[in-house]
1. Can you list, bin by bin at 10 Å, the percent of alpha carbon pairs in region 168-310, starting at 0?
2. Taking the Cα atoms only, what angle lies between the long axis of helix 171-181 and the longest principal axis of the chain, rounded to 10 degrees?
3. Helix 134-144 against the longest principal axis of the chain: what's the angle in degrees, Cα atoms only, rounded to the nearest 10?
4. Quick one: order Thr51, Thr25 by neighbouring beta-carbon count within 10 Å, fewest to most.
5. Please work out the FRET efficiency for the pair Asn131 and Leu86, using the Cβ-Cβ distance as r and a Förster radius of 30 Å; give the result to the nearest 0.05.
6. Could you put Cys251, Cys335, Cys150 in order, starting from the residue whose Cβ has the fewest other Cβ atoms within 10 Å?
7. Picking from Glu324, Glu202, Glu23, which is most flexible by a Gaussian network model of the chain using Cα springs under 10 Å?
8. Could you list the trypsin sites (Lys or Arg not before Pro) in region 203-290 that lie in coil according to DSSP, counting only those with at most 13 other Cβ atoms within 10 Å of their Cβ?
Amino acid sequence: MGIETRKMEHVEIALKKKIEAREKTAGFESVHFKHYSLPEMNFSQIDTSQTFLKRKFKLPFMIVSMTGGFLEAEKINKELAVAAELEGIMLGLGSQRAMLEKKDLRKTFNVRDVAPKVFLCGNIGAVQLQNYSIKQIESLVSDIGANALCIHLNPLQEAVQKEGDKNWQNASKLIGKVCDGLSVPVIAKETGAGINSEVALELESLGVSAIDVSGVGGTSWSAIELFRKGAKAGEQFWDWGNSTVDCLEECSNSVKIPLIASGGVRSGLDVAKSIRLGAAIGGAGLPFIKAQNAKGIAGITAEIQKWKEELKIAMFLTRSKNLEDLRKAKLESDCCCD
Ligand SMILES: Cc1cc2nc3c(=O)[nH]c(=O)nc-3n(C[C@H](O)[C@H](O)[C@H](O)COP(=O)(O)O)c2cc1C
């Protein structure tokens with residue numbers, strides 16, 4: 001099966017089937033802020049800006065890595081990019097492996113013509129690094145004008161997928177090499193099974209600049225592979241992994257590099273909770289590709305605006321004038337006897 005067909009099927013299945021975690025959640029329902037009846041601030045002056053990898057963003061949101069590599073992906077990526085640039089948030093592109101294998105697929109990742117300023121993250125799989133030189137990886141970044149490179153860790157998907165790459169022996173070493181040799185920062189990311197603190201510490205020591213924990217609670221790659229090719233193990237491993245909230249709690253207590261929260265993040269309130277738990281940015285995939293599919297750029301911007309409002313309400317009611325305050329906001333579970 002060609003890589004183009006595979007990439008197209010992933011998007012089609014994500015849009016048409018129920019592919020989110022079904023027995024586990026991301027964990028946000030168990031995180032509750034303490035409510036303040038006297039906010040002591042003007043709602044219109046709430047500052048939602050965030051600095052991440054030396055760039056200032058209007059909102060602490062990211063449309064995480066999803067697509068590219070088949071013809072229809074060009075329109076999806078361009079619309080995601082236009083919306084991300086308009087709203088001042090980060091954008092990730094899907095795996096660029098297809099581009100290395102077939103040069104004419106480059107255009108499906110090219111968004112700089114419509115979004116010259118958006119903070120753009122390229123993407124390649126950790127297990128694929130063994131097949132390419134640093135020069136080739138650098139070309140992925142320079143060909144599309146990316147500001148950072150996401151290296152995805154998807155051993156669950158590769159393991160359940162019949163044609164998956166199952167030799168992960170040198171993945172860490174290769175990630176370290178890319179971090180040393182690349183001209184832009186590297187972000188390590190999971191794809192929905194979560195990064196625990198042990199792995200986060202390893203990634204930090206390899207030189208990655210940020211980590212997207214991408215935990216269980218949203219898109220399940222076991223589910224996608226089960227629908228795509230009847231990958232039988234997908235049924236057993238549908239909910240495999242560490243929840244996004246667990247990952248944040250573990251990783252924020254262990255690593256110093258900034259964290260992105262994705263995996264079942266579905267509202268501005270979830271982003272507020274993620275920031276309280278130590279993330280710098282809250283991101284999502286599925287809600288934004290669904291919004292793009294339903295209503296194009298207007299659909300994506302409406303979703304971002306909705307999240308913005310929800311984030312601001314959470315900040316208002318927790319006396320958080322900015323994201324630094326939000327990070328210290330009180331939770332119901334915090335001890336009240338101080
Ligand atoms: C259709 C689709 C395609 C994806 N493709 C990629 C990819 O190419 N590279 C990657 O790192 N993650 C990919 N992901 C995973 C997301 O970046 C993210 O880690 C995961 O979907 C969890 O977020 P969500 O629950 O908000 O969807 C994809 C997700 C979706 C829904």
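Every number in this text was worked out from the coordinates using simple rules, so none of it is lab data. Every value quoted in this text rests on a predicted model; they were computed, and no experiment measured them. Ideal geometry is used to build each Cβ from the backbone, glycine not excepted, and the neighbour counts take in all protein chains shown.
1. All Cα pairs considered, the percentages come to 12, 34, 35, 18, 1.
2. Approximately 80 degrees, to the nearest ten.
3. Its long axis makes an angle of about 60 degrees.
4. Ordered by Cβ neighbours within 10 Å, fewest first: Thr51, Thr25.
5. That pair, Asn131 with Leu86, gives E of 0.25.
6. Neighbour counts put them in this order, fewest first: Cys335, Cys150, Cys251.
7. Glu23
8. Passing sites in region 203-290 are Lys232, Lys256.
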